[in-house]
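Pasting in a structure now, in structure tokens, and then I'll have a few things to ask.
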Amino acid sequence: IDKMIYLDVPEEELVKRILLRSKESGRADDASEEVIRKRIEVYREQTAVVAKFYAAQGKYAEVNGLGQIDEVFGRICQIIDSI
């Protein structure tokens with residue numbers, strides 16, 4: 001692995017986006033704010049800890065995940081292009 005890219009998005013924005021996805025796609029697993037927040041908590045406890053591992057190796061890059069899709073995509077591409 002050359003780089004771990006972390007999309008940084010505030011929790012309230014994540015909840016808002018996932019609830020919207022639920023309405024647009026009919027995903028029942030996204031319809032409850034409680035379930036979404038639990039999923040975020042599990043992510044922080046079990047998955048996000050990997051970031052420390054890659055940061056210690058100089059392989060961690062954080063990207064602002066707010067903004068238009070094209071803007072966020074551009075930020076990700078800059079990191080990938082710099083590898």
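The values are calculated or read from the model by the stated rules, or taken from the named source; none is laboratory data. Since the model is a prediction, treat every value here as computed from it, not as a measurement. Cβ placement follows ideal geometry from the backbone for every residue including glycine, while neighbour counts extend to all protein chains displayed. Accessible surface is based on the protein model in full, side chains and every heavy atom, while ligands, DNA and RNA are left aside. Shrake-Rupley method; radii C 1.70, N 1.55, O 1.52, S 1.80 Å.
So for Tyr54, Tyr60, what's the accessible-area order with a 1.4 Å probe, most first?
Tyr60, Tyr54
As I understand it, the dipole of the chain uses +1 on the Cβ of Lys and Arg and -1 on the Cβ of Asp and Glu, about the Cα centre. Which of Met4, Gly67, Ile18 lies farthest toward its positive end?
Met4
Kindly identify the chain as rounded, prolate or oblate by the Cα gyration tensor criterion: order the square roots of the eigenvalues as a ≥ b ≥ c, call it rounded if a/c is under 1.5, otherwise compare a/b with b/c, prolate if a/b is larger, else oblate.
Oblate shape, in that a/c is at least 1.5 and b/c is the bigger or equal ratio.
Under a cut-off of 24 Å between alpha-carbon atoms, report the lysines in cross-link reach of Lys16, not counting same-chain residues fewer than 8 places apart.
Cross-link targets: Lys38.
On C-alpha positions alone, give me the angle between the axis of helix 33-46 and the longest principal axis of the chain, in degrees, nearest 10.
Tilt of helix 33-46: around 30 degrees.
For a quick check of understanding: with a 1.4 angstrom probe and all protein chains in place, what accessible area in square angstrom does Arg27 have, to the nearest ten?
90 Å²
Hey, another quick one. Using alpha carbons only, how many degrees (0 to 90, rounded to 10) separate the axis of helix 69-81 from the longest principal axis of the chain?
30 degrees
Rounded to the nearest 10 degrees, what's the angle between the helix 11-25 long axis and the longest principal axis of the chain, both from Cα atoms, 0 to 90?
That helix lies at roughly 60 degrees to the long axis.
Another question, if that's okay. For the full complex of protein chains and a 1.4 angstrom probe, list Lys59, Lys38 by accessible area with the highest value first.
Lys38, Lys59
For every helix of n ≥ 4 consecutive DSSP H residues, a contribution of -39,500 (n - 2.57) applies; sum these over the chain, divide by its total residues, and give [θ] at 222 nm rounded to the nearest 500 deg cm²/dmol.
-18500 deg cm²/dmol
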